[in-house]
Amino acid sequence: MRYLFVILALAFAPAALAQTPPRPFDPQVEAVARDVGKSLRCVVCQNQSIEESNAPLAADMRNLVRERLAAGQTRDQVIAYMTDRYGNFVLMQPPFQTDTLLLWLAPVALLLGGAWGWFAYLGPAARRNLEPTPLSADEATELSKTLGKGGRP
Amino acid sequence: MSVIPSTEEPQPTRAALPAWAALVPVALLLVVGGFFAFGLTHDPKAIPSTMIDRPMPEFALTRLTPESDPLTNEDLKGKVSLVNVFGSWCSSCVLEHPQLTEIGKSGRVALYGVDWRDPPSDGAAWLTRYGNPYLKTGVDSDSRLAINLGVTGAPETFVIDRDGRIRFKQVGPITPEVWIDTILPLIQKLESEPA
(Lines give C-alpha, C1' and ligand atoms only; values in the text may rest on other atoms or scores of the structure.)
Protein backbone atom coordinates (compact mmCIF):
# COMPACT_ATOMS: atom_id res chain seq x y z
CA MET A 1 0.00 0.00 0.00
CA ARG A 2 2.78 2.38 0.98
CA TYR A 3 4.67 1.55 -2.21
CA LEU A 4 1.55 2.07 -4.24
CA PHE A 5 1.32 5.57 -2.82
CA VAL A 6 4.95 6.31 -3.70
CA ILE A 7 4.49 4.95 -7.20
CA LEU A 8 1.37 7.06 -7.69
CA ALA A 9 3.13 10.14 -6.34
CA LEU A 10 5.99 9.64 -8.75
CA ALA A 11 3.61 8.91 -11.60
CA PHE A 12 1.88 12.25 -11.16
CA ALA A 13 5.03 14.27 -10.47
CA PRO A 14 5.81 15.03 -14.14
CA ALA A 15 2.27 16.37 -14.60
CA ALA A 16 2.76 18.68 -11.63
CA LEU A 17 6.10 19.88 -12.96
CA ALA A 18 4.62 20.51 -16.39
CA GLN A 19 2.39 23.21 -14.90
CA THR A 20 5.19 25.39 -13.59
CA PRO A 21 5.62 28.39 -15.85
CA PRO A 22 8.80 28.41 -17.93
CA ARG A 23 9.17 32.16 -17.39
CA PRO A 24 12.20 33.80 -15.80
CA PHE A 25 11.45 34.62 -12.17
CA ASP A 26 10.93 38.29 -11.40
CA PRO A 27 10.38 39.01 -7.68
CA GLN A 28 8.60 42.29 -8.39
CA VAL A 29 6.16 40.72 -10.83
CA GLU A 30 5.68 37.84 -8.43
CA ALA A 31 4.80 40.15 -5.53
CA VAL A 32 2.18 42.00 -7.56
CA ALA A 33 0.95 38.72 -9.06
CA ARG A 34 0.33 37.27 -5.60
CA ASP A 35 -1.55 40.39 -4.60
CA VAL A 36 -3.66 40.24 -7.77
CA GLY A 37 -4.14 36.49 -7.36
CA LYS A 38 -5.44 36.90 -3.83
CA SER A 39 -8.06 39.37 -4.99
CA LEU A 40 -9.34 37.13 -7.81
CA ARG A 41 -11.83 34.38 -7.11
CA CYS A 42 -11.32 30.93 -8.52
CA VAL A 43 -14.42 30.36 -10.62
CA VAL A 44 -14.27 26.60 -10.09
CA CYS A 45 -14.01 26.53 -6.29
CA GLN A 46 -15.61 29.82 -5.51
CA ASN A 47 -14.55 30.38 -1.93
CA GLN A 48 -10.88 30.29 -2.77
CA SER A 49 -8.75 32.85 -4.52
CA ILE A 50 -6.82 31.71 -7.58
CA GLU A 51 -3.68 31.98 -5.47
CA GLU A 52 -5.00 29.38 -3.00
CA SER A 53 -6.86 27.12 -5.37
CA ASN A 54 -5.54 23.85 -6.76
CA ALA A 55 -7.97 23.86 -9.68
CA PRO A 56 -6.29 23.61 -13.09
CA LEU A 57 -8.18 26.67 -14.32
CA ALA A 58 -6.86 28.67 -11.34
CA ALA A 59 -3.31 27.59 -12.27
CA ASP A 60 -3.86 28.85 -15.82
CA MET A 61 -5.27 32.10 -14.46
CA ARG A 62 -2.22 32.53 -12.23
CA ASN A 63 -0.01 32.03 -15.25
CA LEU A 64 -2.00 34.50 -17.28
CA VAL A 65 -1.79 37.09 -14.46
CA ARG A 66 2.02 36.69 -14.32
CA GLU A 67 2.33 36.81 -18.07
CA ARG A 68 0.32 40.02 -18.35
CA LEU A 69 2.20 41.66 -15.47
CA ALA A 70 5.52 40.63 -16.99
CA ALA A 71 4.34 42.17 -20.26
CA GLY A 72 4.03 45.49 -18.43
CA GLN A 73 0.36 45.65 -17.55
CA THR A 74 -0.61 47.21 -14.24
CA ARG A 75 -2.39 45.50 -11.38
CA ASP A 76 -5.65 47.23 -12.28
CA GLN A 77 -5.37 46.34 -15.96
CA VAL A 78 -4.95 42.67 -15.16
CA ILE A 79 -7.90 42.70 -12.75
CA ALA A 80 -9.98 44.56 -15.35
CA TYR A 81 -9.11 41.87 -17.91
CA MET A 82 -10.58 39.25 -15.61
CA THR A 83 -13.69 41.20 -14.54
CA ASP A 84 -14.32 42.01 -18.19
CA ARG A 85 -14.70 38.27 -18.85
CA TYR A 86 -16.03 36.89 -15.60
CA GLY A 87 -17.84 39.90 -14.17
CA ASN A 88 -17.53 41.12 -10.60
CA PHE A 89 -17.96 37.53 -9.46
CA VAL A 90 -14.28 37.03 -10.04
CA LEU A 91 -13.42 39.62 -7.39
CA MET A 92 -12.97 38.33 -3.84
CA GLN A 93 -14.11 41.71 -2.49
CA PRO A 94 -17.19 43.06 -4.26
CA PRO A 95 -16.81 46.67 -5.42
CA PHE A 96 -18.84 49.43 -3.82
CA GLN A 97 -21.36 50.40 -6.50
CA THR A 98 -25.12 50.82 -6.98
CA ASP A 99 -26.03 47.13 -7.14
CA THR A 100 -23.90 46.32 -4.08
CA LEU A 101 -25.14 49.22 -1.92
CA LEU A 102 -27.43 46.89 0.00
CA LEU A 103 -24.60 44.45 0.61
CA TRP A 104 -22.25 47.08 1.95
CA LEU A 105 -24.74 49.26 3.80
CA ALA A 106 -27.11 46.66 5.28
CA PRO A 107 -24.90 45.90 8.32
CA VAL A 108 -24.58 49.61 9.14
CA ALA A 109 -28.32 50.14 8.57
CA LEU A 110 -29.24 47.19 10.79
CA LEU A 111 -26.91 48.42 13.52
CA LEU A 112 -28.36 51.93 13.37
CA GLY A 113 -31.92 50.56 13.32
CA GLY A 114 -31.20 48.42 16.35
CA ALA A 115 -29.61 51.34 18.18
CA TRP A 116 -32.60 53.54 17.43
CA GLY A 117 -35.00 50.84 18.67
CA TRP A 118 -33.01 50.50 21.85
CA PHE A 119 -32.77 54.20 22.64
CA ALA A 120 -36.36 54.95 21.63
CA TYR A 121 -38.19 52.08 23.28
CA LEU A 122 -36.39 49.26 24.98
CA GLY A 123 -33.91 51.32 26.97
CA PRO A 124 -36.48 53.65 28.58
CA ALA A 125 -38.81 50.69 29.21
CA ALA A 126 -36.04 48.79 30.94
CA ARG A 127 -35.14 51.79 33.08
CA ARG A 128 -38.78 52.32 34.08
CA ASN A 129 -39.08 48.72 35.14
CA LEU A 130 -36.19 49.12 37.55
CA GLU A 131 -38.64 51.10 39.68
CA PRO A 132 -41.15 48.60 41.10
CA THR A 133 -44.76 49.59 40.64
CA PRO A 134 -46.38 50.27 44.02
CA LEU A 135 -48.80 47.57 45.15
CA SER A 136 -52.46 48.29 44.70
CA ALA A 137 -54.68 48.44 47.87
CA ASP A 138 -55.99 44.92 47.19
CA GLU A 139 -52.49 43.55 46.76
CA ALA A 140 -51.36 45.21 49.98
CA THR A 141 -54.24 43.63 51.90
CA GLU A 142 -53.48 40.22 50.34
CA LEU A 143 -49.82 40.52 51.23
CA SER A 144 -50.58 41.53 54.82
CA LYS A 145 -52.90 38.58 55.19
CA THR A 146 -50.33 36.15 53.82
CA LEU A 147 -47.59 37.48 56.02
CA GLY A 148 -49.97 37.23 58.97
CA LYS A 149 -49.31 40.64 60.42
CA GLY A 150 -50.23 44.22 59.83
CA GLY A 151 -47.98 46.97 58.69
CA ARG A 152 -46.96 48.77 55.58
CA PRO A 153 -46.84 46.72 52.43
CA MET B 1 -41.81 44.94 22.41
CA SER B 2 -41.65 45.56 26.11
CA VAL B 3 -39.88 43.81 28.96
CA ILE B 4 -41.68 41.34 31.19
CA PRO B 5 -44.18 43.23 33.38
CA SER B 6 -43.43 43.04 37.07
CA THR B 7 -47.10 42.67 37.94
CA GLU B 8 -49.95 41.04 36.16
CA GLU B 9 -51.80 44.29 35.73
CA PRO B 10 -51.08 46.44 32.72
CA GLN B 11 -48.65 49.13 33.61
CA PRO B 12 -49.74 52.67 33.05
CA THR B 13 -46.11 53.77 32.59
CA ARG B 14 -45.29 51.32 29.77
CA ALA B 15 -43.56 52.76 26.73
CA ALA B 16 -46.22 53.69 24.22
CA LEU B 17 -45.39 52.10 20.84
CA PRO B 18 -47.21 53.48 17.84
CA ALA B 19 -49.83 51.15 16.34
CA TRP B 20 -47.82 50.56 13.16
CA ALA B 21 -45.01 49.09 15.23
CA ALA B 22 -46.92 45.81 15.22
CA LEU B 23 -46.33 45.63 11.46
CA VAL B 24 -42.55 45.95 11.76
CA PRO B 25 -41.92 42.23 12.43
CA VAL B 26 -44.27 41.33 9.59
CA ALA B 27 -42.43 43.66 7.23
CA LEU B 28 -39.07 42.27 8.36
CA LEU B 29 -40.33 38.73 7.80
CA LEU B 30 -41.44 39.63 4.28
CA VAL B 31 -38.09 41.21 3.45
CA VAL B 32 -36.08 38.29 4.84
CA GLY B 33 -38.50 35.84 3.20
CA GLY B 34 -38.01 37.64 -0.10
CA PHE B 35 -34.23 37.25 0.12
CA PHE B 36 -34.60 33.56 0.93
CA ALA B 37 -37.10 33.05 -1.90
CA PHE B 38 -34.52 34.47 -4.29
CA GLY B 39 -31.44 32.96 -2.70
CA LEU B 40 -32.73 29.43 -2.34
CA THR B 41 -34.06 29.18 -5.88
CA HIS B 42 -30.94 30.52 -7.60
CA ASP B 43 -27.72 28.62 -8.06
CA PRO B 44 -25.02 30.62 -6.26
CA LYS B 45 -22.37 29.00 -8.43
CA ALA B 46 -23.95 30.10 -11.71
CA ILE B 47 -21.85 33.04 -12.81
CA PRO B 48 -23.74 35.26 -15.22
CA SER B 49 -21.80 35.62 -18.44
CA THR B 50 -20.54 39.04 -19.37
CA MET B 51 -19.73 37.80 -22.87
CA ILE B 52 -23.25 37.79 -24.31
CA ASP B 53 -23.59 40.09 -27.34
CA ARG B 54 -19.85 40.61 -27.47
CA PRO B 55 -17.73 39.57 -30.40
CA MET B 56 -16.00 36.21 -30.18
CA PRO B 57 -12.43 36.97 -29.05
CA GLU B 58 -9.65 36.60 -31.58
CA PHE B 59 -8.24 33.12 -31.44
CA ALA B 60 -6.14 30.66 -33.38
CA LEU B 61 -6.06 27.17 -31.93
CA THR B 62 -3.85 24.32 -33.03
CA ARG B 63 -6.00 21.60 -34.52
CA LEU B 64 -6.47 18.42 -32.58
CA THR B 65 -5.54 16.51 -35.72
CA PRO B 66 -2.17 18.13 -36.30
CA GLU B 67 -1.97 17.86 -40.07
CA SER B 68 -4.56 20.59 -40.72
CA ASP B 69 -4.75 24.38 -40.43
CA PRO B 70 -5.64 26.05 -37.10
CA LEU B 71 -9.17 26.76 -35.89
CA THR B 72 -9.68 30.53 -36.01
CA ASN B 73 -12.38 33.20 -36.12
CA GLU B 74 -12.36 32.80 -39.90
CA ASP B 75 -14.04 29.41 -39.48
CA LEU B 76 -17.00 30.99 -37.72
CA LYS B 77 -17.61 33.70 -40.34
CA GLY B 78 -20.88 34.06 -42.21
CA LYS B 79 -22.93 31.41 -40.43
CA VAL B 80 -24.47 30.60 -37.11
CA SER B 81 -22.20 28.21 -35.26
CA LEU B 82 -21.78 26.40 -31.97
CA VAL B 83 -18.47 26.35 -30.13
CA ASN B 84 -18.41 23.52 -27.63
CA VAL B 85 -15.78 23.50 -24.89
CA PHE B 86 -14.99 19.96 -23.78
CA GLY B 87 -12.20 17.83 -22.35
CA SER B 88 -11.41 14.16 -22.11
CA TRP B 89 -11.30 14.62 -18.30
CA CYS B 90 -14.86 15.96 -18.22
CA SER B 91 -17.49 13.42 -17.23
CA SER B 92 -20.49 15.58 -18.15
CA CYS B 93 -19.04 15.83 -21.65
CA VAL B 94 -19.55 12.09 -22.08
CA LEU B 95 -23.13 12.64 -21.01
CA GLU B 96 -23.55 15.40 -23.56
CA HIS B 97 -21.87 13.60 -26.40
CA PRO B 98 -24.82 11.65 -27.84
CA GLN B 99 -26.69 14.94 -28.35
CA LEU B 100 -23.66 16.54 -30.00
CA THR B 101 -23.30 13.50 -32.23
CA GLU B 102 -26.93 13.96 -33.22
CA ILE B 103 -26.38 17.64 -33.98
CA GLY B 104 -23.22 16.88 -35.94
CA LYS B 105 -24.95 14.23 -38.00
CA SER B 106 -27.98 16.40 -38.75
CA GLY B 107 -25.73 19.13 -40.12
CA ARG B 108 -28.26 21.65 -38.79
CA VAL B 109 -25.56 23.99 -37.52
CA ALA B 110 -21.78 24.29 -37.75
CA LEU B 111 -20.37 22.63 -34.64
CA TYR B 112 -16.81 23.35 -33.53
CA GLY B 113 -14.97 21.82 -30.61
CA VAL B 114 -12.47 23.30 -28.20
CA ASP B 115 -10.50 20.59 -26.44
CA TRP B 116 -9.81 22.40 -23.19
CA ARG B 117 -6.89 21.72 -20.86
CA ASP B 118 -6.21 18.37 -22.33
CA PRO B 119 -3.08 16.73 -23.66
CA PRO B 120 -3.94 16.56 -27.40
CA SER B 121 -3.41 12.81 -27.48
CA ASP B 122 -6.04 12.38 -24.75
CA GLY B 123 -8.52 14.58 -26.60
CA ALA B 124 -7.94 12.71 -29.86
CA ALA B 125 -8.32 9.35 -28.13
CA TRP B 126 -11.52 10.53 -26.50
CA LEU B 127 -13.00 11.55 -29.86
CA THR B 128 -11.95 8.24 -31.39
CA ARG B 129 -13.71 6.45 -28.59
CA TYR B 130 -16.96 8.45 -28.50
CA GLY B 131 -17.06 9.67 -32.09
CA ASN B 132 -16.19 13.08 -33.53
CA PRO B 133 -19.18 15.35 -34.13
CA TYR B 134 -17.09 18.48 -34.78
CA LEU B 135 -16.30 20.12 -38.10
CA LYS B 136 -13.02 21.22 -36.59
CA THR B 137 -11.52 20.89 -33.14
CA GLY B 138 -8.94 23.22 -31.65
CA VAL B 139 -6.73 22.59 -28.65
CA ASP B 140 -6.74 25.06 -25.76
CA SER B 141 -4.27 23.39 -23.44
CA ASP B 142 -3.36 26.47 -21.39
CA SER B 143 -6.92 27.90 -21.07
CA ARG B 144 -5.99 30.95 -23.14
CA LEU B 145 -9.25 30.95 -25.12
CA ALA B 146 -11.26 29.53 -22.20
CA ILE B 147 -10.33 32.45 -19.93
CA ASN B 148 -10.85 34.88 -22.79
CA LEU B 149 -14.37 33.47 -23.11
CA GLY B 150 -15.08 33.49 -19.38
CA VAL B 151 -15.39 29.71 -19.26
CA THR B 152 -15.86 28.36 -15.74
CA GLY B 153 -16.16 24.65 -16.46
CA ALA B 154 -16.82 22.05 -19.12
CA PRO B 155 -18.96 21.47 -21.01
CA GLU B 156 -19.90 24.97 -22.07
CA THR B 157 -21.30 25.84 -25.46
CA PHE B 158 -21.35 29.22 -27.12
CA VAL B 159 -23.85 30.13 -29.82
CA ILE B 160 -22.16 32.49 -32.28
CA ASP B 161 -24.15 34.50 -34.81
CA ARG B 162 -23.22 35.24 -38.42
CA ASP B 163 -21.35 38.39 -37.41
CA GLY B 164 -19.16 36.42 -35.03
CA ARG B 165 -20.94 37.70 -31.96
CA ILE B 166 -21.59 35.51 -28.91
CA ARG B 167 -25.35 35.34 -28.41
CA PHE B 168 -25.80 32.61 -25.83
CA LYS B 169 -23.80 30.46 -23.47
CA GLN B 170 -24.99 27.05 -22.36
CA VAL B 171 -23.33 26.08 -19.09
CA GLY B 172 -23.42 22.34 -18.62
CA PRO B 173 -24.42 19.62 -21.06
CA ILE B 174 -26.70 20.25 -24.02
CA THR B 175 -29.48 17.83 -23.19
CA PRO B 176 -32.16 17.00 -25.79
CA GLU B 177 -34.43 19.41 -23.86
CA VAL B 178 -31.91 22.25 -23.98
CA TRP B 179 -31.39 21.64 -27.69
CA ILE B 180 -35.10 21.62 -28.55
CA ASP B 181 -36.29 24.30 -26.15
CA THR B 182 -33.41 26.76 -26.22
CA ILE B 183 -30.64 26.30 -28.72
CA LEU B 184 -32.52 25.21 -31.85
CA PRO B 185 -35.09 28.06 -31.60
CA LEU B 186 -32.21 30.48 -31.04
CA ILE B 187 -30.39 29.20 -34.12
CA GLN B 188 -33.58 29.65 -36.17
CA LYS B 189 -33.98 33.17 -34.83
CA LEU B 190 -30.36 34.08 -35.55
CA GLU B 191 -30.59 32.67 -39.07
CA SER B 192 -33.67 34.75 -39.81
CA GLU B 193 -31.91 37.93 -38.71
CA PRO B 194 -30.91 40.16 -41.61
CA ALA B 195 -27.19 39.79 -42.24
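Backbone amide hydrogens, once placed in the peptide plane, bring B:Val85 within less than 5 Å of B:Val114, B:Glu156, B:Thr157, B:Phe158, excluding anything fewer than 5 places away on its chain. Working note: 222 nm ellipticity from helices only, DSSP H runs with n ≥ 4, each -39,500 (n - 2.57), summed and divided by the residues of the protein assembly as shown, gives -14000 deg cm²/dmol to the nearest 500. Here the Gaussian network model covers chain B, with springs between Cα atoms less than 10 Å apart; of B:Asp43, B:Asp53, B:Asp75, B:Asp43 fluctuates the most.
Counting Lys and Arg as +1 and Asp and Glu as -1, each charge on the Cβ, what is the dipole of the stretch B:60-192 about the Cα centre in debye, to the nearest 20? Don't skip to the answer; put the middle values down first.
Values: 14 positive and 17 negative charges, 57 e Å.
That gives a dipole near 280 debye.
The string of couplings for the stretch B:164-178 from the Karplus curve (6.51, -1.76, 1.60, θ = phi - 60°) is x, 9, 6, 10, 7, 10, 9, 8, x, x, 7, 7, x, 5, 4 Hz, one whole number per residue in order, with x for Gly and Pro.
The label point for A:Glu52 and the one for B:Asp53, both projected 7 Å from the Cα toward the Cβ, are 3.6 nm apart.
Which FRET efficiency, nearest 0.05, do B:Asn73 and B:Phe38 yield, Cβ-Cβ r, R0 41 Å? Write down the numbers at each step before the final one.
Values: r = 38 Å, r/R0 = 0.93.
Working from the Cβ atoms, E equals 0.60.
Per-residue Karplus couplings for the stretch B:45-54, computed as 6.51 cos²θ - 1.76 cosθ + 1.60 with θ equal to phi - 60°, are listed in order as 8, 6, 8, x, 7, 8, 8, 4, 6, 9 Hz, Gly and Pro entered as x.
Cα to Cα, under 24 Å, and not fewer than 8 places away if on the same chain: which lysines meet these conditions relative to B:Lys45? Straight-distance partners of B:Lys45: A:Lys38, B:Lys169. Entry for the protein assembly as shown at q = 0.07, 0.09 Å⁻¹: log10 I(q)/I(0) = -0.50, -0.67, Debye formula applied to identical alpha-carbon scatterers, no solvent contribution. How large is log10 I(q)/I(0) at q = 0.11, 0.14, 0.15 Å⁻¹ when the Debye formula is applied to the Cα atoms of chain B, each weighted equally and without solvent? At q = 0.11, 0.14, 0.15 Å⁻¹ the computed log10 ratios are -0.56, -0.81, -0.91. Here's how it looks for B:Lys136: its modeled amide H is under 5 Å from those of B:Gly113, which are all 5 or more places away or on a different chain.
Could you list log10 I(q)/I(0) for the stretch A:99-147 at q = 0.24, 0.29, 0.32 Å⁻¹, which the Debye formula gives when each Cα is one point scatterer? For the stretch A:99-147 at q = 0.24, 0.29, 0.32 Å⁻¹, log10 I(q)/I(0) is -0.86, -0.97, -1.03. When the surface is traced with a 1.4 Å probe over the full set of protein chains, B:Ile180 keeps roughly 110 Å² accessible. Its convex hull of Cα atoms gives the stretch A:70-153 a direction-averaged projected area, equal to a quarter of the hull surface, of 11.7 nm².
The values are calculated or read from the model by the stated rules, or taken from the named source; none is laboratory data. Note that the structure is a prediction, hence the values are computed from the model and not measured. Cβ sites come from the backbone with ideal geometry, for glycine too, and all protein chains shown count toward neighbours. Ligands, DNA and RNA are stripped out before the accessible areas are found, and what is left, the full protein with its side chains, is counted by its heavy atoms. Shrake-Rupley method; radii C 1.70, N 1.55, O 1.52, S 1.80 Å.
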